[in-house]
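This report refers to the structure that appears directly beneath it.
The values are calculated or read from the model by the stated rules, or taken from the named source; none is laboratory data. Here the structure is a predicted model, which means the values were calculated and not measured. So basically every Cβ, Gly included, is an ideal-geometry build from the backbone, and we count neighbours across all protein chains shown.
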Amino acid sequence: MSTSPKGIWKVIGASSVGTLIEWYDFYIFGSLATVIATQFFPQTNPTAALLSTLATFAAGFIVRPFGALVFGRLGDLVGRKYTFLLTLIIMGGSTFAIGLVPSYESIGFAAPVIVLLLRLLQGLALGGEYGGAATYVAEHAPPNRRGYYTSWIQTTATLGLFVSLGVILLVRHGLDSDVNVSIQKFNDWGWRIPFLVSIVLVGISIYIRLKMNESPLFTKIKAEGKTSVNPLKESFGHKTNLKMVLLALFGATMGQGVVWYTGQFYAQSFIETVCKIDFEQSRTMLIWAILFATPFFVVFGSWSDRVGRKWIMLAGMFLAIVFYRPIYQQFLDLSDTTIYQTQTPASISEPVVQTDEMNQRTIVTTSIVKTFDNGFAYTQKSRDTVFAGSSKPVVDAAPVYTEKKLPAPVYWKFVFLIFVQVIFVTMVYGPIAAFLVEMFPTRIRYTSMSLPYHIGNGVFGGLTPFIALLLTTINTGDKLVGLMYPIIISFVCLVIGTVYISNKTDPDVSD
Amino acid sequence: MMNQLRKWMGLIWMLMGPLSMLYLIKTALHQIALHPVTDTKIQWAVFVIVFIPIAIGLCIFGWYAWKDEYKRQM
């Protein structure tokens, strides 16, 4: 019971636009984590503020499996179309509302509490969206092209991140003709615009989705009175289905989730916070890498129709396990400033001195921008402390080198290294929707596939940047220690997937 | 041969669940003792609470494997 070729593209278009917008909504929060930290959390300790933001970010991920249960159940009871219409409205509304929340300075602790609640709503909505969209497309697709058609839905998660980064950069530069003033305005209030824009995008998407028809397979079982009465009980209360849910989680989505979030989130976080690359370069690199790699979702999704889903996904995990450490070591080597410290810069900016009065002492931070012949530039920050009653400053520590701007050849090497990671992402993620859809029967498909997907991606994957950051605070000697988390999870998933999962595709999903 | 491997590996998954939890709880307590501030407590409490059901799931998965529920590849 597949839809005509013309009809299927309408289905994919309508599903993908909505899903892309939901991902956009979800990711602008992550992409603006550092700005949000300064707006909604106490500034006494910047690290605490950043961690709190990441915690809020992580909360959005952790709640996703609950969204999968709530909306998955609804989708199996009342239908796919109305359920993912509802998730879209919740997502758009909460994103828009985040853009309106007053700062910590204005309303105190109410600010982070409201943001956290809205973030939880976003997570719930996303938990219901993806399973619905993937199921909806798969139930329209012809059996031999299911991997190909559902891979278009798979592109939306990455494209959502791409759009969020693009909108942020555009707004950051578009608020004033002077770049520095524009960035200042963005940090003050302009960061709200990407959130507010969401309401327009969601409005368009709701209009498109309202015109869609219900999935033909769901319509059929509903007409026959065969829909599930209690999808949660059927999905997780019966051994026959529960064992498949557990296999999907431990043999596929767990590894897929960490590979996804390492390649597209941890990479950016590492480049910005560990390598100290300039805000803009660290984002444009990701934009280029995503742009070049996104077609491969469709390539691997389509290929999985011919050679099976299993080995493509597991090969992606294997490559990630083998290459993560060398790739991140390259990031560190290429951004190392040691060799530049012995060279004479082509230009040195006027020092910018900032003083912060603290109890009984004054912190003096001096920033100098050094630019070298090959185009490499960085800001050298030195911090001195002047104690009350003393005029002699005490040098706090060695200077810190931040806001590094890479010359073009090095910049493109970074793009390539991120691109390689996104290719791993396309391998594990391209075929996964078809793989999950084929594992479960129509009557409980929405519920059954949503839970392992969102535990794998929301919990295992979504917590990747957060756990990796924590690992670096435990073992401060190894800058790559954060990678141990995705490597170990991928390894366990690879072993389970290899031993227990079949490479056969199921042509009949109308069961 | 493969069926035997699937079955016996079930023991590994059954063991891995509680062992990973034990390791996580031990690390959490150690880190909280080192930095006894609210932030640290919240972070580690979240990890422990979130990963406990997953570890139980891994044990159930191992149990099913041990009981030959995955005798043929799924």
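Some observations on this one:
Residues checked against (1) over 17 Å from the mean Cα position of the chain (by Cα); (2) more than 19 Å from A:LEU249 (Cα to Cα):
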site	(1), (2)
B:LEU11	no, no
B:GLY17	no, no
B:LYS26	no, yes
B:LEU29	yes, yes
B:ILE42	yes, yes
B:VAL48	no, no
B:LEU58	no, no
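- Residue within segment A:128-146 that is out of contact with any Ser or Thr (no Cβ under 9 Å at 6 or more places or on another chain) and surrounded by 19 or more Cβ atoms within 10 Å (Cβ to Cβ) present: no
- Answer residue from segment A:472-501, given it is at pLDDT below 90 and facing chain B (nearest Cβ under 10 Å) and is surrounded by the fewest Cβ atoms within 10 Å (Cβ to Cβ) among those: A:ILE474
- From the options A:VAL258, A:VAL245, A:VAL307, A:VAL299, residue that is more than 15 Å from the chain's Cα centre (by Cα) and within 14 Å of chain B (Cβ to nearest Cβ): A:VAL245
- Unmet criterion (only one of (1) in contact (Cβ under 8 Å) with a residue 60 or more places away in the chain; (2) within 14 Å of another protein chain (Cβ to nearest Cβ); (3) among the β-branched types (Val, Ile, Thr)) for A:ILE423: (2)
- Residue check: B:ALA65 meets all listed conditions (1) over 25 Å from A:ASN503 (Cβ atoms); (2) over 11 Å from the mean Cα position of the chain (by Cα) but one, namely (1).
- Helices (runs of 4 or more DSSP H) enclosed by segment A:280-399 - at least 2 residues per element that are touching a residue at least 12 places away in the same chain (Cβ under 8 Å) and closer than 30 Å to A:PRO142 by Cβ: A:295-307, A:310-334
- Residue satisfying all of: in segment B:31-74; more than 10 Å from every other protein chain (Cβ to nearest Cβ) and small (Gly, Ala, Ser); surrounded by the fewest Cβ atoms within 10 Å (Cβ to Cβ) among these: B:ALA33
- Complete set of residues in segment A:375-425 that are basic (Lys, Arg) and in contact with a Lys or Arg (Cβ under 7 Å, 6 or more places away or on another chain): A:LYS404
- Among the residues listed as A:THR158, A:THR135, the single one being part of a helix (DSSP H, G or I), farther than 25 Å from A:LYS220 by Cα, out of contact with any Pro (no Cβ under 9 Å at 6 or more places or on another chain) and touching a residue at least 24 places away in the same chain (Cβ under 8 Å): A:THR158
- Residues in segment A:384-403 that are closer than 30 Å to A:PHE414 by Cα and modelled with pLDDT under 85: A:ALA397, A:ALA398.
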